4 protein chains.
Amino acid sequence: MWLHASCLLEFDIPVDTPFLLMLRPRSGNQQWVGREQYVLTPSVSAVEFTDPFGNLCQRLVAPAGEFSIKTSFDIQVADVSDSAPGAYFIPVEQLPDETLPFLLPSRYCESDRFSQMASSLVEGVAPGYDQCAKIVNYIRETITYAPGEGQEIISACEVNEKTQAVCRDMAHLGIACCRALSIPARMVVGYLETLEPMDLHAWFEAYVGGRWYVFDPTQDNLQGGRVAIAYGRDAADVAIYTQFGTPVDLQQMQVSIEQIPAPVY
Amino acid sequence: MWLHASCLLEFDIPVDTPFLLMLRPRSGNQQWVGREQYVLTPSVSAVEFTDPFGNLCQRLVAPAGEFSIKTSFDIQVADVSDSAPGAYFIPVEQLPDETLPFLLPSRYCESDRFSQMASSLVEGVAPGYDQCAKIVNYIRETITYAPGEGQEIISACEVNEKTQAVCRDMAHLGIACCRALSIPARMVVGYLETLEPMDLHAWFEAYVGGRWYVFDPTQDNLQGGRVAIAYGRDAADVAIYTQFGTPVDLQQMQVSIEQIPAPVY
Amino acid sequence: MWLHASCLLEFDIPVDTPFLLMLRPRSGNQQWVGREQYVLTPSVSAVEFTDPFGNLCQRLVAPAGEFSIKTSFDIQVADVSDSAPGAYFIPVEQLPDETLPFLLPSRYCESDRFSQMASSLVEGVAPGYDQCAKIVNYIRETITYAPGEGQEIISACEVNEKTQAVCRDMAHLGIACCRALSIPARMVVGYLETLEPMDLHAWFEAYVGGRWYVFDPTQDNLQGGRVAIAYGRDAADVAIYTQFGTPVDLQQMQVSIEQIPAPVY
Amino acid sequence: MWLHASCLLEFDIPVDTPFLLMLRPRSGNQQWVGREQYVLTPSVSAVEFTDPFGNLCQRLVAPAGEFSIKTSFDIQVADVSDSAPGAYFIPVEQLPDETLPFLLPSRYCESDRFSQMASSLVEGVAPGYDQCAKIVNYIRETITYAPGEGQEIISACEVNEKTQAVCRDMAHLGIACCRALSIPARMVVGYLETLEPMDLHAWFEAYVGGRWYVFDPTQDNLQGGRVAIAYGRDAADVAIYTQFGTPVDLQQMQVSIEQIPAPVY
């Protein structure tokens, strides 16, 4: 399907402030960017680099005063995210090198402290995809998805004590449990067409059966309409914006996404 | 300055044919992509990856029949390319690691066979930027820029026997001479706003005085309005399209570029 | 100075177990490996790859039973680690791209929760090297270095509640505070010639004044004789061994290091 | 099998000269370095980095006068190099991204000029491994392996006009033909235990059937005992030493390799 998506960030900046941004989707295996805009108001110079996870990152200094960033794009994505019940567990010694960093604990996914919980959760479940699915079901059943809550980012250990959480939190818990079972898992930030209420979204992917599969504890089914903006170990790697120095005020954030016909430019 | 540029490639494809494309400019140190479109007709799935030089490359299989690729973008670039007469030569042992591959001979820049010529060309010239400038002047004076000629790509040794050449050839000769003097040099493919007649363009950059500088043997001055699409060792690395298998017929190629006001989307 | 160092790890392995190892030092800017050995007993096949931080990592499956790894090497390193009181703070927008991941919070360095503490610690101190030195002094004064304690890895927040800690803990706290001040900081695991009692060691580096500098909260002065084995965000990235699956028993670990004359092989 | 190998290079250096070296083997998929030495006489400081092909490269400035480099190592390698008659051709669109640079023409492998020759050579042969084998047979039959000749490196086009050649030349011709058939091919420099007379050796690898396979036009069979030192597009990428500036005099080069029992250090 083709989607048109946009994200508007409006800041009030007290003093000139360096930003690191991840707002430009890349054409990847399951998505093709047909058109894209990236507008800084006022216009400031910015540079772009590719981070260790392959994300396109923008660097700029936001000038004091009102500052806005608007990105929008037309993108073709899968109608349905692939699922693969029964996909096998890949022994660590056979994992591709580039998946190994996603086995290690990270800021918000203390997988080193989830061995016991993860093991008992998946008792009797076939290693691999089905274990991930079991973990996701558990999260969905025990934690209520409460979008809009939770400005401060909390870690999987902290999430595990709560009964409601945002998408990011639920992804962190899922990632921590998968890694504790030696299944590489990574965070994805992006858009989901059917999300209610509309916002940016976070989910995770696990590497089983020889490829990455989407898992989303906030949703009952694996509908498609997903746009990935950034991949990383957890929210620390994939913040759509990271600012340094004196805190700035995000006054408004507007996210939209809708299906469109295949564009003819 | 802000530029709007576009490139249209129309092919007649005899059988399904894999392509490797470099047509998506990246926001870099001297350019910021404000808006961008990439249209494949008919629409086919494509994936994108970053090559070892940092270029965004697209992979797809062009279906038999008529197939067109149209890219266009609004981009902010420097009004004038930086120049730095007198910028010093950097001894090899102090060069950053990532510049070293640009010292080695490559397919179309047989720098291993230009030591003598390059040395005598720059006799008495201060090492560094001024040597590059001397080489460029020599090329400009001895070879007539003859845009539109030369479908087959020829190498610096072959260029050196000719009296007229295309931009790509002249860049190859410049690169070979710089490398023969232990100055890292790399090929750039892109757009030049003032080019006559309009086409895609090629020039080169040399690493002196601690950074890369633009050199263009086809132009009398270093006017800006340059958009870099791809960087590499030579034309082999930065072909805007590489096709594999049965040759395809490029029926039409249209390139345009023009100044625009700073866009308000 | 030239050093000879060795590390012996003896395991009792209950079932065949995949390992990820970082035990091979690389010749780098301040160290040159003259001779090196890496012995697996019993001999098993192993492969090596370079991780995103540039470390040489070995992968193997340790067979059930007694399994030992012995590495040793002759290496030339600096007599004294460089220090640079007064070295300036580099504004985030001017930092090299590759230092940026070391600004983000990580598993054991929750820099996102140290803004207030770090700011008050360095009040009145010139931004840059001197801030790092102040942080290190604070850690040295408030936490007693207690080598040998602390098998479980704890995070900077947890360290901050304690009065004694191991080298790794003290480095984590230093890193978290530096990052909270927008100074890139990274973990180093390696050897220190004068360490008492002898063991593997951990310290950190901070990026100020245009390069990385060594900081070591466990030591009163910046003596050299340091061998870096691995660099990373924190202990999660630089474990000398990571094992997956059923826990193995490390029965013995012997570390030695001593000065030697410049070797003539 | 376990091998002990060594390489001694003795230079007479007229003025301080920067060198780029590739003399340190890495533990890889088919080889494990058990012990290794790298001796510079006189001792000079050197740094090491990983090049875009994953090779460990050393940089140093050789001081005027006599200068020698001696590397030696114990290494475990395969007894027989894998072969796979019938292994299938991988369509370009399904090749891993990292193999794509090995499809392009390079300094000494002008694959762009071998389409016709390569196609007629393999007429009627099943695409993939068997095409590579056919090419290798053709080279072996038409060009006599004449070790020790050919100080100047020549390119595949030049090799193709000759009746005798060195290992490097024969590899270049094989690579050029494979790439012309859209089969990724790369140069390998290293040691071969059974080589007569003993010297460093060069062969190539082609990517078919989902992995890289060894091909060696100089040998009648695929005996093992191969140690890879460096991989690249061609000889330009994998020179064991590249020197810059005033030519130096390589006075002596001694290479040895022999089987040893599995070492117990």
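Which residue, of B:Q259, B:Q243, B:Q254, is closer than 30 Å to A:S6 by Cα and of a type outside the set (A, V, I, L, M, F, W, C)? Explain how you work it out, then say what you get.
Details: B:Q243 fails: closer than 30 Å to A:S6 by Cα; B:Q254 fails: closer than 30 Å to A:S6 by Cα.
Sole residue among the options that is closer than 30 Å to A:S6 by Cα and of a type outside the set (A, V, I, L, M, F, W, C): B:Q259.
Evaluation of C:G65 against the conditions (1) open to solvent by less than 60 Å² (accessible area, probe 1.4 Å); (2) outside the structural domain of C:S43 (by TED's automatic domain parsing) shows that the sole unmet condition is (2). Residues that are in contact with a strand residue (DSSP E or B) (Cβ under 7 Å, 6 or more places away or on another chain) and farther than 20 Å from B:V188 by Cα were ranked within the stretch B:3-18; the one that is farthest from the other protein chains (Cβ to nearest Cβ) is B:D12.
With buried (at least 17 other Cβ atoms within 10 Å of the Cβ), free of Cβ contacts under 8 Å to residues at least 60 places away in the same chain and out of contact with any Gly (no Cβ under 9 Å at 6 or more places or on another chain) as the only criterion, which of C:S155, C:S120 stands out?
Values: C:S120 fails: buried (at least 17 other Cβ atoms within 10 Å of the Cβ).
One residue alone meets the criteria, C:S155.
So, D:L20, is that one touching a Lys or Arg at 6+ places or on another chain (Cβ under 7 Å) and buried (at least 21 other Cβ atoms within 10 Å of the Cβ) or not?
Values: touching a Lys or Arg at 6+ places or on another chain (Cβ under 7 Å): yes; buried (at least 21 other Cβ atoms within 10 Å of the Cβ): yes.
The answer is yes for D:L20.
Report yes if D:G86 is in a loop (DSSP other than H, G, I, E, B), on the phi > 0 side of the Ramachandran plot and more than 16 Å from the chain's Cα centre (by Cα), otherwise no. The answer is yes for D:G86. The set of residues in the stretch B:205-228 being without any contact (Cβ under 8 Å) to a residue 60 or more places away in the chain, assigned to a strand (DSSP E or B) and surrounded by 16 or more Cβ atoms within 10 Å (Cβ to Cβ) consists of B:E205, B:W212. Of all the listed residues (D:R186, D:R107, D:R140, D:R179), the sole one being within 14 Å of chain B (Cβ to nearest Cβ), open to solvent by 30 Å² or more (accessible area, probe 1.4 Å) and at pLDDT 95 or above is D:R186. Would you check which residues across the stretch A:229-253 are more than 19 Å from C:E93 (Cα to Cα), among the hydrophobic types (A, V, I, L, M, F, W, C) and either part of a loop (DSSP other than H, G, I, E, B) or open to solvent by less than 10 Å² (accessible area, probe 1.4 Å) (or both) and list them? Result: A:A230, A:A235. Within the stretch B:143-153, take every residue that is at pLDDT below 95 and among the aliphatic types (A, V, I, L, M) and give me the one that is nearest to the chain's Cα centre (by Cα). The qualifying residue nearest to the chain's Cα centre (by Cα) is B:I153. Scanning the stretch A:208-248 for residues that are basic (K, R) and either within 17 Å of A:A171 (Cα to Cα) or touching a Gly at 6+ places or on another chain (Cβ under 7 Å) (or both) turns up A:R226, A:R233.
Please find, within the stretch D:158-173, the residue that is least open to solvent (accessible area, probe 1.4 Å) out of those that are in contact with a Leu (Cβ under 9 Å, 6 or more places away or on another chain) and touching a residue at least 40 places away in the same chain (Cβ under 8 Å). I'd like the intermediate steps shown before the answer.
Residues of the stretch D:158-173 that are in contact with a Leu (Cβ under 9 Å, 6 or more places away or on another chain), as a first pass: D:159-160, D:165, D:167.
When the remaining residues are screened for being touching a residue at least 40 places away in the same chain (Cβ under 8 Å), the result is D:160, D:167.
Numbers: D:N160: 56, D:C167: 19 Å².
Only one residue fits best here, namely D:C167.
May I ask you to say which residue of B:Y191, B:Y207 is over 23 Å from B:P85 (Cα atoms) and of a type in the set (F, W, Y)?
Details: B:Y207 fails: over 23 Å from B:P85 (Cα atoms).
One residue alone meets the criteria, B:Y191.
Of all residues in the stretch D:103-119, exactly one satisfies the criterion of being more than 19 Å from D:V136 (Cβ to Cβ) and among the hydrophobic types (A, V, I, L, M, F, W, C), namely D:L104. Does B:C178 satisfy the criteria of being within 14 Å of B:C109 (Cα to Cα), without any contact (Cβ under 8 Å) to a residue 60 or more places away in the chain, in the same structural domain as B:Q131 (by TED's automatic domain parsing) and not in a strand (DSSP E or B)? The answer is no for B:C178.
Across the stretch A:43-56, the number of residues qualifying as facing chain B (nearest Cβ under 10 Å) and either of a type outside the set (D, E, K, R) or open to solvent by less than 10 Å² (accessible area, probe 1.4 Å) (or both) comes to 9. For the stretch A:62-75, the candidate set comprises residues that are of a type outside the set (G, A, S) and more than 8 Å from chain B (Cβ to nearest Cβ); within that set, the residue that is nearest to B:F49 (Cα to Cα) is A:I75.
Mind checking which residues of the stretch A:76-90 are at pLDDT 95 or above and within 13 Å of another protein chain (Cβ to nearest Cβ)? Working first, answer last.
Filtering the stretch A:76-90 for residues at pLDDT 95 or above gives A:84-90.
Within the stretch A:76-90, A:F89, A:I90 qualify.
Only one entry in A:R35, A:R59, A:R26 is out of contact with any helix residue (DSSP H, G or I) (no Cβ under 9 Å at 6 or more places or on another chain), within 24 Å of B:W2 (Cα to Cα), crowded, with 20+ Cβ neighbours inside 10 Å and at the interface with another protein chain (Cβ under 8 Å from one of its Cβ atoms), namely A:R26.
Condition first: of a type outside the set (D, E, K, R), in contact with a strand residue (DSSP E or B) (Cβ under 8 Å, 6 or more places away or on another chain) and farther than 24 Å from C:S72 by Cβ. Now tell me which residues in the stretch C:194-217 satisfy that.
Filtering the stretch C:194-217 for residues of a type outside the set (D, E, K, R) gives C:194-195, C:197-198, C:200-204, C:206-210, C:212-215, C:217.
Subsequent filtering for residues that are in contact with a strand residue (DSSP E or B) (Cβ under 8 Å, 6 or more places away or on another chain) retains C:194-195, C:198, C:200-204, C:206-209, C:212-215, C:217.
Correct list: C:F204, C:A206, C:Y207, C:V208, C:G209, C:W212, C:Y213, C:F215, C:P217.
Taking the stated definitions as given, is A:R113 within 14 Å of chain C (Cβ to nearest Cβ) and within 17 Å of the chain's Cα centre (by Cα)?
Details: within 14 Å of chain C (Cβ to nearest Cβ): yes; within 17 Å of the chain's Cα centre (by Cα): no.
Considered against the rule, which asks whether it is within 14 Å of chain C (Cβ to nearest Cβ) and within 17 Å of the chain's Cα centre (by Cα), A:R113 comes out as no.
The values are calculated or read from the model by the stated rules, or taken from the named source; none is laboratory data. Just so it is clear, the structure is predicted and the values come from calculations on it, not from any experiment. When we count neighbours, we look across all protein chains shown, and the Cβ atoms used for this are built from the backbone with ideal geometry, even at glycine. To get the accessible areas, we keep the full protein, side chains included, count just its heavy atoms, and leave off ligands, DNA and RNA. Shrake-Rupley method; radii C 1.70, N 1.55, O 1.52, S 1.80 Å.
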